[in-house]
Amino acid sequence: MSFRKETLAEGIELYNADCREVLPTLGKVDAVVTDPPYGIGIAANPFRQKHEKKTWDDVVADLSFIPLADCPSIVWGGNYFGLPASQGFYIWDKVQPESFSSAQVEYAWSSMAKPAKLFRRHVVSFEKHHPTTKPLELMEWCIQQLPVDSTIVLDPFMGSGTTGVACVKLGRKFIGIEIEPKYFDIACKRISEALKQPDFFVEKPKPAKQEALI
C-alpha cells in the first residue's frame with residue numbers, strides 16, 4: 001500500500017488516498033467531523049456545472065468503516081446513511097428565501113447525546129473550492145460543538161480542507177484524507193496558509209519535526 005502523505009505541522013497530517021486504506025493504519029482519534037459524498041444530483045444541477053461531474057453523484061454505501069461510535073462525531077448528510085438514531089442533529093439554516101433553488105437547510109448527524117443545534121448565520125458569499133464546500137464559519141462552529149478534550153480531529157472525506165482550516169484556527173490537531181489529487185493539493189495550500197496566519201488567542205501548531213537520516 002502506498003499513498004502520499006504531507007505533514008504540514010506537528011499534529012497536522014494529510015493523506016492523498018482512499019480513506020478505507022488509510023484508516024486501518026491510524027491510531028486513535030478524538031473526534032470525526034466530515035462531509036461524505038451522498039448523491040446530491042450535482043450532474044443535473046446547472047448551478048454546479050462548473051465542477052466536474054465525475055464522482056459527486058456516487059453514493060457511499062455505508063460508513064461502517066469509520067469509527068463514528070468510538071468518539072464524538074459529526075457527519076454532514078448523515079440523514080442519507082443508515083446511522084443509529086441520534087438526538088444530536090445539527091442543522092445549517094442557509095437563511096434563503098422560499099424561492100431558493102437549492103436546499104434551504106442541510107443536516108448533520110451527531111453521535112453526541114446533546115440537544116439538536118441550529119447554525120443560522122447568513123454567509124453572504126464564500127469561495128467554493130469543491131462542489132460541496134461548506135463555509136469556514138460553519139465548520140468552525142462544528143469544531144466548537146466537540147468536547148474540549150477532542151484534540152485530534154479526523155476528516156476522512158477532506159475535500160478542499162475546510163475542516164482542517166477550522167481545526168488550525170481553533171488550535172486542534174487534524175488528520176485529513178482526500179482521494180482526489182486536485183482537491184488534496186488545494187487542501188494542502190489552504191491549511192498551509194492558515195498555519196501562517198497567527199491567532200494570538202490560540203496556540204499555533206508547532207512545525208513538523210524533521211526526521212533524522214541514519
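Taken together, the values in this text are just the output of simple stated rules run on the coordinates, not laboratory data. Keep in mind that this is a model prediction, so the values were computed, not measured. Note: ideal-geometry Cβ built from the backbone for every residue, glycine included; neighbour counts use all protein chains shown.
Quick notes on this one:
- Those aspartates and glutamates that a straight Cα-Cα span of less than 18 Å connects to LYS117, excepting residues fewer than 8 apart in one chain: ASP35, ASP93, GLU106, GLU137, GLU140
- Residues in region 83-90 carry Karplus couplings, in order, of 8, x, 4, 8, 7, x, 6, 10 Hz; the curve used is 6.51 cos²θ - 1.76 cosθ + 1.60 with θ = phi - 60°, and Gly or Pro positions show x.
- Ranked LEU83, LEU8, criterion: other C-beta atoms within 10 Å, fewest first: LEU83, LEU8
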